[in-house]
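This report concerns only the one structure given below.
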Amino acid sequence: MEHVNILREYGLFDAKVPRYTSYPPANRFEPNTGARMQEDWLADVPTNAPLSIYVHIPFCRRLCWFCACRTQGTRTLQPVDVYVDDLVSEIETVTSRMTGTHQMARLHLGGGTPTLLSVPQMDRLLDTLDHSFARAPDFEFSVEIDPTEAAPEILELLAARGMARASIGVQDFDPKVQKAIGRLQSYAQTENVISQLRDSGVTSLNVDLLYGLPYQTSSTLNETLQKVHLLKPDRLALYGYAHVPHMSKRQVMIQSDTLPSSFERYEASVIARRYLMSAGYDAIGIDHFALPSDSLAKAAKTGSIKRNFQGYTDDTCATLIGFGASAISKFRQGFVQNAVATNAYQTRLREGKLAGHKGYTMTPEDTVISALIDQIMCQARIDVRGLSDRHAPFAHGIKQIAQDLQDRFPKAINLQDGKLNFRPGMDVLARIVAAQADTTLHPDSVHSAAI
Ligand SMILES: C[S@@+](CC[C@H](N)C(=O)[O-])C[C@H]1O[C@@H](n2cnc3c(N)ncnc32)[C@H](O)[C@@H]1O
Ligand code: SF4
(Lines give C-alpha, C1' and ligand atoms only; values in the text may rest on other atoms or scores of the structure.)
(Ligands and ions follow the chains in the order given, each with its own letter.)
Protein backbone atom coordinates (compact mmCIF):
# COMPACT_ATOMS: atom_id res chain seq x y z
CA MET A 1 0.00 0.00 0.00
CA GLU A 2 2.93 2.29 0.79
CA HIS A 3 3.97 1.85 -2.85
CA VAL A 4 0.54 2.92 -4.13
CA ASN A 5 0.52 5.90 -1.76
CA ILE A 6 3.78 7.12 -3.28
CA LEU A 7 2.34 6.77 -6.79
CA ARG A 8 -0.76 8.67 -5.64
CA GLU A 9 1.33 11.39 -3.98
CA TYR A 10 3.19 11.94 -7.27
CA GLY A 11 0.00 12.22 -9.30
CA LEU A 12 -0.17 8.88 -11.15
CA PHE A 13 -3.94 8.61 -10.64
CA ASP A 14 -4.92 12.11 -11.72
CA ALA A 15 -2.16 13.73 -13.81
CA LYS A 16 -2.61 14.32 -17.54
CA VAL A 17 0.74 14.41 -19.30
CA PRO A 18 2.19 13.95 -22.81
CA ARG A 19 3.01 10.45 -24.07
CA TYR A 20 6.31 11.80 -25.40
CA THR A 21 6.26 9.81 -28.62
CA SER A 22 8.19 12.91 -29.69
CA TYR A 23 9.80 15.83 -27.94
CA PRO A 24 8.29 18.33 -28.24
CA PRO A 25 4.84 16.70 -28.48
CA ALA A 26 3.02 17.37 -31.78
CA ASN A 27 0.61 19.85 -30.16
CA ARG A 28 3.56 22.24 -29.81
CA PHE A 29 4.35 22.28 -33.54
CA GLU A 30 3.69 25.72 -35.03
CA PRO A 31 1.03 26.20 -37.74
CA ASN A 32 1.86 27.43 -41.26
CA THR A 33 5.61 26.95 -40.96
CA GLY A 34 5.96 23.34 -42.11
CA ALA A 35 6.23 23.63 -45.92
CA ARG A 36 9.09 26.15 -45.74
CA MET A 37 11.06 24.05 -43.24
CA GLN A 38 10.32 20.88 -45.23
CA GLU A 39 11.74 22.49 -48.38
CA ASP A 40 15.01 23.47 -46.63
CA TRP A 41 15.43 20.30 -44.61
CA LEU A 42 14.70 17.91 -47.49
CA ALA A 43 17.43 19.63 -49.52
CA ASP A 44 19.76 19.10 -46.59
CA VAL A 45 19.30 15.33 -46.11
CA PRO A 46 22.73 13.84 -46.87
CA THR A 47 22.97 11.81 -50.09
CA ASN A 48 22.65 8.08 -49.50
CA ALA A 49 21.48 8.60 -45.91
CA PRO A 50 19.31 5.67 -44.78
CA LEU A 51 15.72 6.86 -44.41
CA SER A 52 12.83 5.64 -42.38
CA ILE A 53 9.60 6.04 -44.34
CA TYR A 54 6.07 6.16 -42.96
CA VAL A 55 2.96 6.19 -45.14
CA HIS A 56 -0.36 7.12 -43.53
CA ILE A 57 -3.59 5.65 -44.94
CA PRO A 58 -6.43 7.58 -43.24
CA PHE A 59 -9.30 5.28 -44.23
CA CYS A 60 -11.21 2.50 -42.51
CA ARG A 61 -14.26 0.57 -43.59
CA ARG A 62 -15.50 0.53 -40.00
CA LEU A 63 -14.77 3.23 -37.44
CA CYS A 64 -14.12 1.72 -34.02
CA TRP A 65 -15.49 3.98 -31.29
CA PHE A 66 -12.40 3.82 -29.08
CA CYS A 67 -9.96 4.82 -31.81
CA ALA A 68 -8.10 8.12 -31.54
CA CYS A 69 -6.12 7.64 -34.77
CA ARG A 70 -6.42 10.05 -37.70
CA THR A 71 -8.77 8.20 -39.98
CA GLN A 72 -12.12 8.50 -41.74
CA GLY A 73 -14.78 5.98 -42.74
CA THR A 74 -15.30 4.95 -46.35
CA ARG A 75 -17.63 2.43 -47.97
CA THR A 76 -15.95 2.40 -51.38
CA LEU A 77 -12.41 2.45 -52.71
CA GLN A 78 -13.07 5.51 -54.88
CA PRO A 79 -11.71 8.11 -52.37
CA VAL A 80 -8.81 5.75 -51.68
CA ASP A 81 -7.97 5.72 -55.39
CA VAL A 82 -7.81 9.51 -55.40
CA TYR A 83 -5.71 9.46 -52.22
CA VAL A 84 -3.20 7.01 -53.74
CA ASP A 85 -2.85 9.45 -56.68
CA ASP A 86 -2.03 12.16 -54.15
CA LEU A 87 0.44 9.95 -52.30
CA VAL A 88 2.21 9.22 -55.58
CA SER A 89 2.36 12.92 -56.33
CA GLU A 90 3.62 13.70 -52.81
CA ILE A 91 6.41 11.10 -53.10
CA GLU A 92 7.46 12.61 -56.44
CA THR A 93 7.32 16.18 -55.07
CA VAL A 94 9.36 15.27 -51.98
CA THR A 95 12.05 13.40 -53.92
CA SER A 96 12.31 16.31 -56.39
CA ARG A 97 13.34 18.51 -53.43
CA MET A 98 16.10 16.12 -52.31
CA THR A 99 19.57 15.97 -53.77
CA GLY A 100 21.27 12.73 -54.82
CA THR A 101 19.95 9.25 -54.09
CA HIS A 102 18.60 7.91 -50.82
CA GLN A 103 18.10 4.54 -49.26
CA MET A 104 14.92 3.29 -47.67
CA ALA A 105 15.99 1.40 -44.54
CA ARG A 106 12.51 1.14 -43.01
CA LEU A 107 9.05 1.33 -44.52
CA HIS A 108 5.99 1.36 -42.27
CA LEU A 109 2.42 1.53 -43.56
CA GLY A 110 0.03 2.73 -40.87
CA GLY A 111 -3.35 4.29 -40.47
CA GLY A 112 -6.20 3.86 -40.50
CA THR A 113 -6.22 0.60 -42.40
CA PRO A 114 -3.46 0.15 -44.99
CA THR A 115 -4.79 -3.31 -45.96
CA LEU A 116 -7.97 -1.68 -47.23
CA LEU A 117 -6.08 -0.75 -50.42
CA SER A 118 -6.84 -2.93 -53.44
CA VAL A 119 -3.99 -4.98 -54.91
CA PRO A 120 -3.49 -2.51 -57.83
CA GLN A 121 -3.55 0.48 -55.41
CA MET A 122 -0.98 -1.13 -53.12
CA ASP A 123 1.19 -2.15 -56.08
CA ARG A 124 1.13 1.41 -57.39
CA LEU A 125 2.12 2.86 -54.01
CA LEU A 126 4.97 0.37 -53.52
CA ASP A 127 6.19 0.77 -57.11
CA THR A 128 6.41 4.54 -56.59
CA LEU A 129 8.34 4.14 -53.33
CA ASP A 130 10.71 1.57 -54.87
CA HIS A 131 11.27 3.78 -57.86
CA SER A 132 12.08 6.77 -55.61
CA PHE A 133 14.22 5.11 -52.92
CA ALA A 134 16.61 2.19 -53.20
CA ARG A 135 16.00 -0.48 -50.57
CA ALA A 136 18.91 -0.57 -48.08
CA PRO A 137 20.60 -3.98 -47.55
CA ASP A 138 18.94 -4.26 -44.12
CA PHE A 139 15.58 -2.94 -45.39
CA GLU A 140 12.63 -3.70 -43.10
CA PHE A 141 8.99 -3.43 -44.19
CA SER A 142 6.16 -3.41 -41.63
CA VAL A 143 2.39 -2.93 -41.89
CA GLU A 144 -0.46 -2.30 -39.42
CA ILE A 145 -3.12 -4.93 -39.94
CA ASP A 146 -6.73 -5.03 -38.82
CA PRO A 147 -7.59 -8.77 -39.00
CA THR A 148 -11.18 -7.98 -40.04
CA GLU A 149 -9.97 -6.08 -43.09
CA ALA A 150 -7.17 -8.24 -44.45
CA ALA A 151 -8.09 -10.10 -47.63
CA PRO A 152 -5.75 -13.03 -48.44
CA GLU A 153 -4.69 -11.43 -51.75
CA ILE A 154 -3.51 -8.17 -50.11
CA LEU A 155 -1.57 -10.08 -47.46
CA GLU A 156 0.01 -12.26 -50.18
CA LEU A 157 0.99 -9.18 -52.15
CA LEU A 158 2.52 -7.45 -49.10
CA ALA A 159 4.51 -10.55 -48.21
CA ALA A 160 5.68 -10.96 -51.82
CA ARG A 161 6.86 -7.36 -51.75
CA GLY A 162 8.95 -7.87 -48.66
CA MET A 163 6.73 -7.28 -45.60
CA ALA A 164 8.64 -8.94 -42.75
CA ARG A 165 6.83 -7.42 -39.79
CA ALA A 166 3.15 -7.00 -39.09
CA SER A 167 1.38 -5.21 -36.27
CA ILE A 168 -2.01 -6.73 -35.50
CA GLY A 169 -4.76 -4.76 -33.77
CA VAL A 170 -6.52 -6.86 -31.13
CA GLN A 171 -7.28 -4.47 -28.20
CA ASP A 172 -9.37 -7.06 -26.24
CA PHE A 173 -11.06 -10.38 -27.01
CA ASP A 174 -13.90 -10.09 -24.48
CA PRO A 175 -17.26 -9.86 -26.35
CA LYS A 176 -18.78 -7.35 -23.88
CA VAL A 177 -15.72 -5.10 -24.09
CA GLN A 178 -15.61 -5.40 -27.90
CA LYS A 179 -19.29 -4.40 -28.13
CA ALA A 180 -18.71 -1.39 -25.87
CA ILE A 181 -15.79 -0.13 -27.98
CA GLY A 182 -17.52 -0.76 -31.33
CA ARG A 183 -15.00 -3.32 -32.56
CA LEU A 184 -16.08 -6.91 -33.05
CA GLN A 185 -13.27 -9.30 -33.88
CA SER A 186 -13.15 -13.00 -33.13
CA TYR A 187 -10.18 -15.01 -31.94
CA ALA A 188 -10.58 -17.37 -34.94
CA GLN A 189 -10.45 -14.47 -37.42
CA THR A 190 -7.32 -13.11 -35.75
CA GLU A 191 -5.66 -16.53 -35.61
CA ASN A 192 -6.39 -17.12 -39.33
CA VAL A 193 -4.77 -13.88 -40.38
CA ILE A 194 -1.76 -14.55 -38.15
CA SER A 195 -1.25 -18.05 -39.62
CA GLN A 196 -1.54 -16.69 -43.13
CA LEU A 197 1.07 -14.04 -42.32
CA ARG A 198 3.42 -16.60 -40.81
CA ASP A 199 2.94 -19.01 -43.73
CA SER A 200 3.79 -16.26 -46.18
CA GLY A 201 7.10 -15.52 -44.47
CA VAL A 202 6.35 -12.71 -42.02
CA THR A 203 8.93 -13.29 -39.31
CA SER A 204 7.95 -10.79 -36.64
CA LEU A 205 4.48 -10.16 -35.29
CA ASN A 206 3.32 -7.48 -32.89
CA VAL A 207 -0.08 -7.43 -31.19
CA ASP A 208 -1.70 -4.21 -29.90
CA LEU A 209 -3.73 -4.50 -26.68
CA LEU A 210 -5.43 -1.88 -24.52
CA TYR A 211 -6.12 -1.65 -20.81
CA GLY A 212 -8.61 0.79 -19.29
CA LEU A 213 -11.44 -0.20 -21.69
CA PRO A 214 -15.14 -0.16 -20.72
CA TYR A 215 -16.28 -3.23 -18.75
CA GLN A 216 -12.72 -4.59 -18.76
CA THR A 217 -11.86 -6.29 -15.46
CA SER A 218 -8.72 -8.04 -14.24
CA SER A 219 -10.30 -11.37 -15.08
CA THR A 220 -11.42 -10.42 -18.63
CA LEU A 221 -7.99 -8.93 -19.29
CA ASN A 222 -6.38 -12.14 -18.05
CA GLU A 223 -8.49 -14.17 -20.46
CA THR A 224 -7.51 -11.90 -23.33
CA LEU A 225 -3.85 -12.27 -22.38
CA GLN A 226 -4.15 -16.07 -22.30
CA LYS A 227 -5.65 -16.05 -25.80
CA VAL A 228 -3.01 -13.66 -27.08
CA HIS A 229 -0.30 -15.87 -25.59
CA LEU A 230 -1.57 -18.75 -27.75
CA LEU A 231 -0.92 -16.58 -30.81
CA LYS A 232 2.76 -16.32 -29.77
CA PRO A 233 3.45 -12.74 -30.90
CA ASP A 234 7.11 -11.64 -30.86
CA ARG A 235 6.11 -8.24 -29.50
CA LEU A 236 3.15 -6.69 -27.71
CA ALA A 237 2.12 -3.12 -27.17
CA LEU A 238 -0.13 -2.67 -24.15
CA TYR A 239 -1.40 0.91 -24.34
CA GLY A 240 -3.58 2.60 -21.76
CA TYR A 241 -6.86 3.51 -23.51
CA ALA A 242 -6.83 7.31 -24.00
CA HIS A 243 -10.39 8.52 -23.55
CA VAL A 244 -10.31 11.94 -25.22
CA PRO A 245 -13.81 12.52 -26.69
CA HIS A 246 -13.07 16.27 -27.04
CA MET A 247 -10.39 15.30 -29.60
CA SER A 248 -11.80 12.09 -31.04
CA LYS A 249 -15.52 12.65 -31.49
CA ARG A 250 -16.41 8.96 -32.07
CA GLN A 251 -15.44 8.22 -28.46
CA VAL A 252 -18.70 9.88 -27.30
CA MET A 253 -20.20 6.44 -28.10
CA ILE A 254 -18.31 5.13 -25.06
CA GLN A 255 -20.13 5.87 -21.80
CA SER A 256 -17.74 7.35 -19.22
CA ASP A 257 -19.45 5.45 -16.38
CA THR A 258 -18.44 2.11 -17.96
CA LEU A 259 -14.74 2.98 -17.78
CA PRO A 260 -12.51 1.69 -14.98
CA SER A 261 -11.11 4.15 -12.45
CA SER A 262 -7.49 5.26 -12.74
CA PHE A 263 -6.59 2.95 -9.85
CA GLU A 264 -8.25 0.02 -11.68
CA ARG A 265 -6.31 1.01 -14.81
CA TYR A 266 -3.11 0.85 -12.79
CA GLU A 267 -4.03 -2.58 -11.38
CA ALA A 268 -4.84 -3.86 -14.88
CA SER A 269 -1.50 -2.66 -16.21
CA VAL A 270 0.35 -4.34 -13.33
CA ILE A 271 -1.52 -7.63 -13.82
CA ALA A 272 -0.81 -7.60 -17.55
CA ARG A 273 2.84 -6.75 -17.03
CA ARG A 274 3.26 -9.61 -14.54
CA TYR A 275 1.48 -12.03 -16.86
CA LEU A 276 3.61 -11.12 -19.88
CA MET A 277 6.87 -11.18 -17.96
CA SER A 278 6.08 -14.59 -16.51
CA ALA A 279 5.26 -15.73 -20.08
CA GLY A 280 8.84 -14.89 -21.02
CA TYR A 281 8.54 -11.37 -22.46
CA ASP A 282 10.94 -8.55 -21.57
CA ALA A 283 9.24 -5.29 -20.55
CA ILE A 284 10.32 -2.44 -22.82
CA GLY A 285 9.75 1.17 -21.80
CA ILE A 286 6.34 2.12 -20.47
CA ASP A 287 4.09 -0.10 -22.60
CA HIS A 288 5.93 -2.57 -24.86
CA PHE A 289 6.95 -6.22 -24.42
CA ALA A 290 9.18 -8.39 -26.60
CA LEU A 291 10.60 -11.90 -26.58
CA PRO A 292 14.29 -11.78 -25.60
CA SER A 293 15.18 -13.06 -29.12
CA ASP A 294 13.40 -10.09 -30.77
CA SER A 295 15.48 -7.18 -32.07
CA LEU A 296 13.55 -4.66 -29.92
CA ALA A 297 14.42 -6.58 -26.73
CA LYS A 298 18.05 -6.86 -27.85
CA ALA A 299 18.19 -3.12 -28.59
CA ALA A 300 16.60 -2.35 -25.20
CA LYS A 301 19.39 -4.33 -23.49
CA THR A 302 22.06 -2.21 -25.17
CA GLY A 303 20.17 1.02 -24.40
CA SER A 304 19.65 1.80 -28.09
CA ILE A 305 15.84 1.86 -28.41
CA LYS A 306 14.13 5.10 -29.35
CA ARG A 307 10.66 6.55 -29.01
CA ASN A 308 8.74 7.06 -32.27
CA PHE A 309 5.16 7.83 -33.23
CA GLN A 310 4.22 4.12 -33.04
CA GLY A 311 5.77 3.68 -29.56
CA TYR A 312 9.26 2.15 -29.31
CA THR A 313 11.62 1.19 -32.10
CA ASP A 314 15.12 -0.09 -32.79
CA ASP A 315 15.20 2.06 -35.93
CA THR A 316 18.43 4.08 -35.98
CA CYS A 317 17.72 6.34 -38.99
CA ALA A 318 18.27 10.04 -38.28
CA THR A 319 15.62 11.04 -40.83
CA LEU A 320 11.99 9.93 -40.93
CA ILE A 321 9.89 10.99 -43.90
CA GLY A 322 6.14 10.79 -43.42
CA PHE A 323 3.82 10.68 -46.44
CA GLY A 324 0.06 11.20 -46.33
CA ALA A 325 -2.42 13.38 -44.45
CA SER A 326 -1.25 14.21 -40.88
CA ALA A 327 2.02 12.24 -41.30
CA ILE A 328 4.98 13.61 -39.35
CA SER A 329 8.54 13.84 -40.68
CA LYS A 330 11.55 14.12 -38.46
CA PHE A 331 14.77 15.76 -39.61
CA ARG A 332 17.97 16.51 -37.74
CA GLN A 333 16.72 20.12 -37.54
CA GLY A 334 13.18 19.44 -36.31
CA PHE A 335 9.70 18.18 -37.18
CA VAL A 336 7.21 18.80 -39.98
CA GLN A 337 3.60 17.62 -39.90
CA ASN A 338 1.58 17.37 -43.11
CA ALA A 339 -1.83 19.03 -43.29
CA VAL A 340 -4.06 16.91 -41.08
CA ALA A 341 -7.42 16.94 -42.90
CA THR A 342 -7.32 14.77 -46.02
CA ASN A 343 -8.82 17.51 -48.23
CA ALA A 344 -6.34 20.17 -46.98
CA TYR A 345 -3.50 17.70 -47.68
CA GLN A 346 -4.85 17.04 -51.19
CA THR A 347 -5.30 20.75 -51.97
CA ARG A 348 -1.65 21.47 -51.22
CA LEU A 349 -0.41 18.69 -53.47
CA ARG A 350 -2.68 19.68 -56.34
CA GLU A 351 -1.25 23.19 -56.11
CA GLY A 352 2.20 21.62 -56.60
CA LYS A 353 3.21 22.39 -53.00
CA LEU A 354 4.74 20.22 -50.32
CA ALA A 355 2.14 18.97 -47.85
CA GLY A 356 3.88 20.24 -44.68
CA HIS A 357 1.68 22.48 -42.54
CA LYS A 358 2.98 22.56 -38.96
CA GLY A 359 6.65 22.66 -38.10
CA TYR A 360 9.06 22.88 -35.22
CA THR A 361 12.74 23.84 -35.30
CA MET A 362 14.75 22.27 -32.49
CA THR A 363 16.89 24.72 -30.52
CA PRO A 364 20.11 23.48 -28.87
CA GLU A 365 18.19 23.53 -25.53
CA ASP A 366 15.42 21.38 -27.08
CA THR A 367 18.02 18.83 -28.20
CA VAL A 368 19.21 18.47 -24.61
CA ILE A 369 15.70 18.19 -23.14
CA SER A 370 14.83 15.68 -25.87
CA ALA A 371 17.86 13.53 -24.92
CA LEU A 372 16.89 13.68 -21.23
CA ILE A 373 13.27 12.73 -21.93
CA ASP A 374 14.37 9.95 -24.29
CA GLN A 375 16.44 8.38 -21.53
CA ILE A 376 13.56 8.60 -19.04
CA MET A 377 11.03 7.11 -21.48
CA CYS A 378 13.29 4.45 -23.03
CA GLN A 379 15.58 3.42 -20.19
CA ALA A 380 13.87 4.68 -17.01
CA ARG A 381 17.09 6.43 -15.99
CA ILE A 382 19.23 9.46 -16.79
CA ASP A 383 22.95 9.21 -17.32
CA VAL A 384 23.48 12.72 -15.94
CA ARG A 385 27.26 12.61 -16.21
CA GLY A 386 27.28 11.16 -19.75
CA LEU A 387 24.70 13.70 -20.99
CA SER A 388 26.60 16.57 -19.34
CA ASP A 389 29.81 15.46 -21.09
CA ARG A 390 28.08 15.18 -24.46
CA HIS A 391 26.31 18.55 -24.13
CA ALA A 392 29.06 20.43 -22.24
CA PRO A 393 27.62 23.98 -22.65
CA PHE A 394 24.44 22.74 -20.91
CA ALA A 395 26.14 20.62 -18.23
CA HIS A 396 25.05 22.94 -15.42
CA GLY A 397 21.40 22.96 -16.61
CA ILE A 398 21.33 19.15 -16.95
CA LYS A 399 22.63 18.66 -13.41
CA GLN A 400 20.10 21.21 -12.15
CA ILE A 401 17.19 19.40 -13.83
CA ALA A 402 18.38 16.07 -12.35
CA GLN A 403 18.63 17.64 -8.89
CA ASP A 404 15.16 19.24 -9.27
CA LEU A 405 13.73 15.83 -10.22
CA GLN A 406 15.37 14.24 -7.18
CA ASP A 407 13.93 16.97 -4.91
CA ARG A 408 10.47 16.63 -6.48
CA PHE A 409 10.29 12.79 -6.48
CA PRO A 410 12.62 11.61 -3.68
CA LYS A 411 10.61 8.42 -3.01
CA ALA A 412 10.54 7.41 -6.69
CA ILE A 413 14.01 8.13 -8.00
CA ASN A 414 17.55 8.09 -6.75
CA LEU A 415 20.32 10.40 -7.96
CA GLN A 416 23.73 9.04 -7.12
CA ASP A 417 27.20 9.12 -8.70
CA GLY A 418 26.02 10.97 -11.80
CA LYS A 419 23.15 8.54 -12.51
CA LEU A 420 19.46 9.02 -11.88
CA ASN A 421 17.56 5.73 -11.52
CA PHE A 422 13.93 4.90 -10.79
CA ARG A 423 13.36 2.93 -7.57
CA PRO A 424 11.77 -0.54 -8.04
CA GLY A 425 8.21 -0.37 -9.41
CA MET A 426 8.38 3.40 -9.84
CA ASP A 427 9.12 3.52 -13.59
CA VAL A 428 5.35 3.67 -14.13
CA LEU A 429 5.87 7.37 -13.26
CA ALA A 430 8.12 7.87 -16.31
CA ARG A 431 5.69 10.18 -18.16
CA ILE A 432 5.17 12.29 -15.03
CA VAL A 433 8.91 12.58 -14.39
CA ALA A 434 9.50 13.36 -18.08
CA ALA A 435 6.84 16.10 -17.94
CA GLN A 436 8.67 17.59 -14.94
CA ALA A 437 11.96 17.55 -16.89
CA ASP A 438 10.16 19.24 -19.81
CA THR A 439 10.86 22.87 -18.90
CA THR A 440 8.82 24.07 -21.91
CA LEU A 441 5.59 22.21 -21.03
CA HIS A 442 2.67 24.62 -20.90
CA PRO A 443 0.55 24.00 -17.75
CA ASP A 444 -2.71 24.42 -19.75
CA SER A 445 -1.86 22.03 -22.58
CA VAL A 446 -4.27 19.08 -22.86
CA HIS A 447 -2.98 15.49 -22.60
CA SER A 448 -4.11 11.98 -21.71
CA ALA A 449 -4.17 10.20 -18.32
CA ALA A 450 -0.72 9.40 -16.91
CA ILE A 451 -1.74 5.75 -16.37
C1 LIG B 1 -3.45 3.40 -35.81
S2 LIG B 1 -4.26 2.11 -35.05
C3 LIG B 1 -4.33 1.06 -36.47
C4 LIG B 1 -4.81 -0.29 -36.17
C5 LIG B 1 -5.52 -1.06 -37.26
N6 LIG B 1 -6.29 -0.23 -38.13
C7 LIG B 1 -6.45 -2.02 -36.56
O8 LIG B 1 -7.63 -1.72 -36.43
O9 LIG B 1 -6.00 -3.08 -36.15
C10 LIG B 1 -2.93 1.45 -34.08
C11 LIG B 1 -3.21 1.25 -32.63
O12 LIG B 1 -3.45 2.46 -31.95
C13 LIG B 1 -4.01 2.14 -30.69
N14 LIG B 1 -5.05 3.11 -30.33
C15 LIG B 1 -6.03 3.58 -31.10
N16 LIG B 1 -6.85 4.40 -30.39
C17 LIG B 1 -6.35 4.45 -29.13
C18 LIG B 1 -6.73 5.12 -27.93
N19 LIG B 1 -7.81 5.89 -27.88
N20 LIG B 1 -5.96 4.96 -26.84
C21 LIG B 1 -4.84 4.18 -26.87
N22 LIG B 1 -4.45 3.52 -27.98
C23 LIG B 1 -5.19 3.65 -29.10
C24 LIG B 1 -4.66 0.76 -30.85
O25 LIG B 1 -4.03 -0.18 -29.98
C26 LIG B 1 -4.43 0.43 -32.30
O27 LIG B 1 -4.21 -0.94 -32.53
S1 SF4 C 1 -8.71 0.81 -34.70
FE2 SF4 C 1 -8.04 0.52 -36.80
S3 SF4 C 1 -9.94 -0.07 -37.91
FE4 SF4 C 1 -10.59 0.79 -35.99
S5 SF4 C 1 -10.97 2.97 -36.48
FE6 SF4 C 1 -8.87 2.82 -35.67
S7 SF4 C 1 -7.61 2.63 -37.42
FE8 SF4 C 1 -9.71 2.16 -38.10
* For a paramagnetic label modelled at 7 Å from the Cα of Ala392 toward its Cβ, which residues of segment 353-380 fall within the zone defined by backbone nitrogen distances under 18 Å? -> 364-365, 368
* Structure fact -> Under the Karplus relation with 6.51, -1.76 and 1.60 and θ = phi - 60°, whole-Hz ³J(HN,Hα) for segment 337-342, x at Gly and Pro, equal 10, 5, 3, 7, 6, 4
* Asked: Once amide H atoms are built 1.01 Å from N in the peptide plane, which residues 5 or more positions from Phe59, or in another chain, come under 5 Å H to H?
  -> Gln72, Thr113
* **Lys, Arg +1 and Asp, Glu -1 on Cβ, resulting dipole of segment 1-145 about Cα centre, debye, nearest 20** => 480 debye
* May I ask for the Kirkwood hydrodynamic radius of segment 110-201, worked out over all distinct Cα pairs and given in angstroms to one decimal? => 14.3 Å
* Asked: Quick one: what does P(r) look like for segment 210-357 with 10 Å bins over all Cα pairs, in whole %?
  -> 10, 27, 29, 26, 8, 1
* To do: Provide Rg and Dmax in Å for segment 364-449, with only Cα atoms included in the calculation.
  => 12.3, 36
* Cα pair distances exceeding 27 angstrom across the chain, given as percent -> 54 percent
* Structure fact -> Note, segment 36-52: 3J(HN,Hα) by Karplus (6.51, -1.76, 1.60, θ = phi - 60°), whole Hz, Gly/Pro = x, goes 5, 4, 4, 4, 5, 6, 5, 5, 8, 5, x, 4, 6, 4, x, 10, 9
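Within a Cβ distance under 14 Å of Arg135, other residues only, what is the Lys/Arg minus Asp/Glu net charge?
-2
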* Asked: Contour minus end-to-end for Ser261 and Asn192, with contour as 0.36 nm per residue of separation and end-to-end as the Cα-Cα distance?
  -> 21.4 nm
* Sort the following peptides by mean Cβ neighbour count (other Cβ atoms within 10 Å, averaged over residues), highest first: 444-450, 293-299. => 293-299, 444-450
* Structure fact -> Taking the dipole of the chain about the Cα centre (Lys, Arg +1; Asp, Glu -1; charges at Cβ), the one of Pro214, Val119, Phe66 that reaches farthest to the positive side is Pro214
* **Karplus 3J(HN,Hα) series, Hz, for segment 252-261 with 6.51 cos²θ - 1.76 cosθ + 1.60 (x for Gly, Pro)** => 5, 5, 9, 6, 4, 6, 9, 8, x, 6
* Once both labels are modelled 7 Å past Cα along the beta-carbon direction, what's the Ser96-Gln226 spacing in nm? -> 5.9 nm
* Asked: When the label point is put 7 Å from the Cα of Ser118 along its Cα-to-beta-carbon vector, which residues of segment 135-171 have a backbone N closer than 19 Å?
  -> 149-158
* Structure fact -> Amide H neighbours of Arg381 at under 5 Å, excluding residues fewer than 5 places away on the same chain, with H built from the backbone geometry, are Ile376
* Asked: What relative contact order, as a whole-number percentage, does segment 27-361 give when Cα pairs under 8 Å and 6 or more residues apart are counted?
  -> 24 percent
* Treating only the Cβ atoms of Lys and Arg (+1) and Asp and Glu (-1) as charged, compute the dipole magnitude of segment 27-361 about its Cα centre; round to the nearest 20 debye. => 660 debye
* Got a number for carbon plus sulfur as a percent of segment 364-449's accessible area, 1.4 Å probe? -> 51 percent
* Asked: To the nearest 20 debye, what is the magnitude of the charge dipole of segment 280-354 about its Cα centre, counting +1 on the Cβ of each Lys and Arg and -1 on the Cβ of each Asp and Glu?
  -> 360 debye
* **Cα-only Debye scattering, segment 1-143: base-10 log of I(q)/I(0) at q = 0.09, 0.16 Å⁻¹** => -0.42, -1.03
* Using +1 at the Cβ of each Lys and Arg and -1 at the Cβ of each Asp and Glu in the chain, identify which of Met377, Gln436, Thr190 lies farthest towards the dipole's positive end. => Gln436
* Note the full-extension length gain between Thr440 and Arg62 as 0.36 nm times their separation in residues minus their Cα-Cα distance, in nm to one decimal. => 132.2 nm
* Compare the peptides 146-153, 76-83, 284-291 by average per-residue count of other Cβ atoms within 10 angstrom and give them in order, highest first. => 284-291, 146-153, 76-83
* Relative packing of peptides 270-280, 133-143 - highest average C-beta neighbours within 10 Å first -> 133-143, 270-280
* Length gain on complete extension for the stretch Thr302 to Lys16, per 0.36 nm per residue less the alpha carbon to alpha carbon distance? -> 99.9 nm
* Structure fact -> Computed over segment 364-449, protein heavy atoms only, probe 1.4 angstrom, the accessible area per residue in square angstrom equals 47 Å²
* To do: Would you mind getting the accessible area per residue of segment 27-361, heavy atoms of the protein chains only, 1.4 Å probe, in Å²?
  => 41 Å²
* Structure fact -> Expressed as a percent, the accessible surface of segment 5-64 that is carbon or sulfur, using a 1.4 Å probe and the full set of protein chains, is 50 percent
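The values are calculated or read from the model by the stated rules, or taken from the named source; none is laboratory data. The structure presented is a predicted model; accordingly, all values stated were derived computationally and were not measured. A quick note on method: Cβ atoms are made from the backbone with ideal geometry, for glycine too, and the neighbour counts reach across all protein chains shown. Calculation scope for accessible area: heavy atoms of the full protein, side chains included, ligands and nucleic acids excluded. Shrake-Rupley method; radii C 1.70, N 1.55, O 1.52, S 1.80 Å.
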